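Following: one structure in structure tokens, then a few remarks.
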Amino acid sequence: MSLSISAPISTAQAGLTTKSKHSRMDLDGEDNHLVNPGETVTTDQQFMRGHGTYTSGDGTVISSVSGAVERVNKLLSVRALKARYTPEIGDIVVGRITEVATKRWKVDVNARQDAILMLSSVSLPGGVQRRKNESDELQMRQFFAEGDVLVAEVQSFYADGAMGLHTRGFKFCKLRNGSFVCVPPVLVQRCKSQFHTLPCGVDLVLGLNGSIWINKKLEGFVGTDETDTTVVYSSKNDPITSEERENIARVANCINALAKQYMYINDTAIIYTYEASLSYTVKELLQLDVIEAITAEASERTHMG
């Protein structure tokens, strides 16, 4: 058997190939363009570079990370496929308490550093409107203890870059009666509301930090400002039937299936995937061929809609 060794392609030839391929990338299309680090995004001089890109001497915009190209008018940026959550004020996040400190809690929200939840940023039992005192500080673990999962809103940023959270309002509470699912933050889409109730009777909190909570609806939670805060801060799970457990597990597997296929996650996509999964058992949803089948059907219905 003869073996032939060919010379490697030169850097100049590689540059010419890349330049001819990406000299006029179709940035007006609806499909996201995936690029690798060092890959040319565009050579058009009219575009400006944004996050995840840099420019060469001749003005060529080059990707510095692996991700999807995003365009806002003449600004080009590359959103990394796998990265830590980058918070913005007003974001709804699902986090876990990691430490109870002086007048504050530290919360893991899948960001570069833990978020801070101040004692002054939580609601008191009974909805009492007053300043927090020493007795409240001594009872902080009755509100949130280490390991508790909660939903909160990003309120501010500190000088060191840490985000400040608050849980004032009936929507923000300690989470229970459900299951925690973690997906890449880039996949969770911003909706008019991150709180959803699915037709199967399961409540859903789509945290923009990639943390999703699926739970049975809380008993005694009426969804208004008159909601009893003892329900909000309770750590005791309500009785959950086998049917409710199966629905929660099915929704969790559907979300994991969407994440495995790297599809955007929103309430509509989850409902379509859930309906496509009804012909399979919950355990079968872990199989790759089933994942591909249900996500393909959900994607087709999404494009048709």
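The values are calculated or read from the model by the stated rules, or taken from the named source; none is laboratory data. Nothing here was measured: the structure is a model prediction, and the numbers come from that model. When we count neighbours, we look across all protein chains shown, and the Cβ atoms used for this are built from the backbone with ideal geometry, even at glycine. These area figures cover heavy atoms from the full protein model, side chains too; ligands, DNA and RNA do not enter into them. Shrake-Rupley method; radii C 1.70, N 1.55, O 1.52, S 1.80 Å.
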May I ask you to list pairs of residues, at least six apart or on different chains, whose Cβ atoms are under 9 Å apart, with the first in the range 173-193 being in contact (Cβ under 8 Å) with a residue 12 or more places away in the chain and the second being in a helix (DSSP H, G or I) and aromatic (Phe, Trp, Tyr)?
-> Lys174/Phe143
May I ask you to list the residues in the range 10-60 that are modelled with pLDDT of 55 or more, over 14 Å from Leu75 (Cα atoms) and of a type in the set (A, V, I, L, M)?
-> Leu34, Val35
How many of the residues making up the range 51-73 are over 20 Å from Tyr264 (Cα atoms) and surrounded by fewer than 16 Cβ atoms within 10 Å (Cβ to Cβ)?
-> 8
Within the range 74-89, can one find any residue that is open to solvent by 30 Å² or more (accessible area, probe 1.4 Å), part of a loop (DSSP other than H, G, I, E, B) and more than 30 Å from Ala152 (Cα to Cα)?
-> yes
Please give the strands (runs of 3 or more DSSP E) falling wholly within the range 93-198 in which 1 or more residues are open to solvent by 20 Å² or more (accessible area, probe 1.4 Å) and within 30 Å of Val69 (Cβ to Cβ).
-> 149-157, 178-182, 195-197
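Yes/no per residue for (1) under 22 Å from Tyr272 (Cβ atoms); (2) touching a strand residue (DSSP E or B) at 6+ places or on another chain (Cβ under 6 Å):
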position: Gln113; (1), (2): no, no
position: Val151; (1), (2): no, yes
position: Ser156; (1), (2): no, yes
position: Arg190; (1), (2): yes, no
position: Cys200; (1), (2): yes, no
Can you run down the residue pairs with Cβ atoms below 7 Å, 6 or more apart or on separate chains, where the first is in the range 263-284 and under 14 Å from Thr295 (Cβ atoms) and the partner is open to solvent by 40 Å² or more (accessible area, probe 1.4 Å) and β-branched (Val, Ile, Thr)?
-> Thr268/Thr302; Ala269/Thr302; Tyr272/Thr302
Can you tell which of Asp136, Asp148 is modelled with pLDDT under 90 and among the acidic types (Asp, Glu)?
-> Asp136
